[in-house]
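Asker: Quick one: the structure is below, and I'll ask about it shortly.
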Amino acid sequence: MAEKLTAVKGMNDIAPPQSAHWEWLEDRLRSLMAGYGYRNLRTPIVEPTALFVRGLGEVTDIVEKEMYSFEDKLNGEHLTLRPENTAGVVRAAHEHTLLYDGPKRLYYMGPMFRHERPQRGRYRQFHQFGAEALGFAGPDVDAELIVMACDLWAALGLEGIALEINSLGQPVERLAHRQALIAYLEAHADQLDEEARRRLHSNPLRILDTKNPAMQDLVNAAPRLMDHLGAESLAHFDRLKSLLDAHGVAYRVNPRLVRGMDYYNLSVFEFVTTQLGSQGTVCAGGRYDGLFEQIGGKAAPAVGWALGIERILELLKEQGRLPEAPVPDVYAVVPDAAAMDRVMPVLRGLRQRGLKVQMHAAGAEGMGSMKSQFKKADGSGARTALIFGEQELAQGQVAVKPLRGERTEGGQQLVALGDLDALAGALRT
Ligand code: ATP
Ligand code: MG
């Protein structure tokens, strides 16, 4: 092969030992969901492009420049690798009338695709875990989702994750604010950077989110959406805040918090940390009561969040909270490959009794010396080695050698192979 084949830029392989961290985090997330009654929904990675490019939606960064879209060579369909999964969840809920018998709490986990500049915490294939509550008008369920995320930080031992919340009100309120905002920005056109000028009419709200230091004074003095909210929107937001207070959850109201997706209304929120450089948002979400209708479904209120798995793992690493690599209970040392027909069924029997057993198998050079096998046994992290020597096997026995802890002092012992329950019991203690 002339050219070296590598993964696509910004898309990563996840190999051991890191993959164990992923599985560990996924397990934590699943049990969190079980505790709150959220159930798994799995949707395709490829969706019709029209799901993301909706006629009514504003032009967002994602739709404008980050989507992997292509035409199906065989039938000309316009398809897109999902850049996020809220729209997919809503599509599936509508398509299968999932809300026919009442609201649903759902979660998903999997890869998302955005054509961004790869850097720490920002990839082209990245992974999200998302929770979506469909058919609930809130704000109780908004609070539930936020508290659930706080529970996750606690379960993971993570610290220093700050919560910011805001209300985007309803579309009519946003429209009034949008007009006031455009008028204000137009009056200060000379202070706008190139990006802001481009967004002025497509997505002016997003200008408030600018990171450009030169524009901070301008956006700080801009008309605030909060001042355009009506009594109902304000009451919804106040209730959310009081529910968070009741949980002792700390938050900061950030009137400039807007979200990258066009479909949000009322509550929006982000969990941010200062420990991941400029990619500090680890979890973000909000209410999207208009999305069902936008994709042609029956109107239904909804709210959810998505967290970036890579960023959470990076933060766990930063805070020294990643788990130890998983280790086997037992490593089987097998001096002679010819013994395998006796050895392997024994090991299988031990696994059936709940033990994690790693077998020394032949490499390119055969089984290797006893010394090299013991080195492997040690390196595996197993607590115990089982040594299937020729002589022991001939007498229906195996040598049990503690590799770690106090028991190593006792040295190795011979144990009968006839009673696997007894052997498994001995290996467990
Ligand atoms: P950002 O402002 O960092 O671009 P976003 O607003 O585009 O984030 P969302 O669309 O809300 O992000 O996605 C939810 C979460 O998914 C983010 O908070 C982040 O943790 C993660 N995320 C988003 N884009 C990426 C990416 N390209 N690589 C890794 N994680 C990402
Ligand atoms: Mg983004």
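The values are calculated or read from the model by the stated rules, or taken from the named source; none is laboratory data. Being a predicted model, the structure only gives us computed values, none of them experimental. No Cβ is skipped: glycine too gets one built from the backbone with ideal geometry, and neighbour counts run over all protein chains shown. Areas reflect the complete protein model, heavy atoms only, side chains present, ligands, DNA and RNA absent. Shrake-Rupley method; radii C 1.70, N 1.55, O 1.52, S 1.80 Å.
Asker: Determine how large the accessible area of H247 is when every protein chain is in place; take a 1.4 Å probe and give Å² rounded to the nearest 10.
Answerer: The accessible area of H247 comes to roughly 110 Å².
Asker: How large is the direction-averaged shadow of the alpha-carbon convex hull of region 330-428, in nm²?
Answerer: So the Cα hull casts an average projection of 6.0 nm².
Asker: For labels at D419 and L200 in the simple 7 Å Cα→Cβ model, what's the distance in nm?
Answerer: 8.7
Asker: Starting from the Cα gyration tensor of the chain, multiply each eigenvalue by 5, take the square root, and state the resulting semi-axes largest first in whole Å.
Answerer: Equivalent ellipsoid semi-axes, largest first: 54, 24, 21 Å.
Asker: Further, regarding this structure: Can you tell which of L229, L200, Q216 lies farthest toward the positive end of the dipole of region 178-229, using +1 and -1 charges on the Cβ of basic and acidic side chains (Lys, Arg; Asp, Glu)?
Answerer: Result: L229.
Asker: Roll a 1.4 angstrom probe over the protein heavy atoms and tell me the percent of accessible area of region 330-428 that is carbon or sulfur.
Answerer: 50
Asker: Pick out which of Q395, Q119, Q216 has the largest mean-square fluctuation in a Gaussian network model of the chain, springs linking Cα atoms closer than 10 Å.
Answerer: Of the options given, Q395 has the highest mean-square fluctuation.
Asker: Also, quick follow-up: Would you check the chain for Lys pairs whose C-alpha atoms are within less than 23 Å, ignoring same-chain pairs closer than 8 in sequence, and give me the count?
Answerer: 11
Asker: What is the set of long-range amide H partners of K356 at a cut-off below 5 Å, with H atoms built 1.01 Å from backbone N?
Answerer: D329, V330
Asker: For region 221-328, rounded, prolate or oblate, judged on the Cα gyration tensor with a ≥ b ≥ c (square roots of eigenvalues), a/c < 1.5 rounded, else prolate if a/b > b/c?
Answerer: The shape class here is prolate.
Asker: Among bridges DSSP assigns within region 330-428, what percent are antiparallel (round to 5)?
Answerer: So the antiparallel bridges in region 330-428 amount to around 55 percent.
Asker: Would region 165-300 count as rounded, prolate or oblate if I go by the C-alpha gyration tensor, calling it rounded below 1.5 in a/c and otherwise prolate when a/b exceeds b/c, oblate otherwise?
Answerer: It comes out oblate by the Cα gyration axes.
Asker: As a test question: what accessible area, to the nearest 10 Å², does S278 have when a 1.4 Å probe is rolled over all protein chains in place?
Answerer: Approximately 90 Å² for this residue.
Asker: Calculate the FRET efficiency for D27 and Q191 from the Cβ-Cβ distance with a Förster distance of 60 Å, rounded to the nearest 0.05.
Answerer: Plugging the Cβ-Cβ distance into 1/(1 + (r/R0)^6) gives 0.75.
Asker: Roll a 1.4 Å probe over the protein chains and send me the accessible area per residue for region 330-428 in Å².
Answerer: Heavy-atom SASA per residue in region 330-428 reads 56 Å².
Asker: By the scheme Lys and Arg +1, Asp and Glu -1, what is the net charge of all other residues having a beta-carbon under 9 Å from that of Q170?
Answerer: -2
Asker: Sticking with this structure for a sec: Please calculate the 1.4 Å probe accessible area of F52, with all protein chains present, and give it to the nearest 10 Å².
Answerer: 10
Asker: Could you work out the local net charge near A87, counting Lys and Arg as +1, Asp and Glu as -1, over the other residues with Cβ closer than 9 Å to its Cβ?
Answerer: After counting each charged neighbour, the total is +1.
Asker: Mind checking which of A302, F70, L156 is farthest towards the positive end of the chain's charge dipole, using Cβ charges of +1 (Lys, Arg) and -1 (Asp, Glu) about the Cα centre?
Answerer: Among A302, F70, L156, the one farthest towards the positive end of the dipole of the chain is L156.
Asker: Report, in deg cm²/dmol and to the nearest 500, the calculated mean residue ellipticity at 222 nm for the chain, where each DSSP H run with n ≥ 4 adds -39500 (n - 2.57) and the sum is divided by the residue count.
Answerer: -10000 deg cm²/dmol
Asker: Also, I was wondering about something else. Roughly how big is the chain's charge dipole about its Cα centre, with Cβ charges of +1 (Lys, Arg) and -1 (Asp, Glu), in debye to the nearest 20?
Answerer: 680
Asker: Taking the Cα centre as origin and putting +1 on Lys and Arg beta-carbons and -1 on Asp and Glu beta-carbons, what dipole magnitude results for region 14-169, to the nearest 20 debye?
Answerer: Magnitude of the dipole: close to 380 debye.
Asker: Another question, if that's okay. With springs only between Cα atoms under 10 Å apart, run a GNM on the chain and tell me which of A154, A92, A332 wobbles the most.
Answerer: Most flexible of the set in this elastic network: A332.
Asker: Taking the simple approach of a point 7 Å from Cα along Cα-to-Cβ for both I45 and L234, what is their distance in nm?
Answerer: 4.8
Asker: Could you grab the relative contact order for the chain? Cα pairs under 8 Å, six or more apart, rounded to a whole percent.
Answerer: 15
Asker: Measuring from centroid to centroid over Cα atoms, what is the spacing of region 275-339 and region 134-151 in Å?
Answerer: 19
Asker: All other residues with a Cβ under 13 Å from the Cβ of R348 taken together, and with Lys, Arg as +1 and Asp, Glu as -1, what is their net charge?
Answerer: +3
Asker: By accessible area of protein heavy atoms, probe 1.4 Å, what ranking do E132, E310, E95 get, highest first?
Answerer: Sorted descending by solvent-accessible area, the residues read E95, E310, E132.
Asker: Next question. Using the Cα centre as the reference, give the magnitude of the dipole from point charges on the C-beta atoms of region 330-428 (Lys, Arg: +1; Asp, Glu: -1; all else neutral), rounded to the nearest 20 debye.
Answerer: 420
Asker: In whole angstrom, how far apart do the alpha carbon centroids of region 59-90 and region 355-429 sit?
Answerer: Cα centres, region 59-90 to region 355-429: 54 Å.
Asker: Starting from the Cα of D209, step 7 Å along the direction of its Cβ; do the same at K4; then give the gap between the two resulting points in nm.
Answerer: 3.7
Asker: Say we join alpha carbon atoms closer than 10 Å with springs in a Gaussian network model of the chain; which of E84, E365, E47 then has the biggest fluctuation?
Answerer: Greatest mean-square fluctuation among the candidates belongs to E365.
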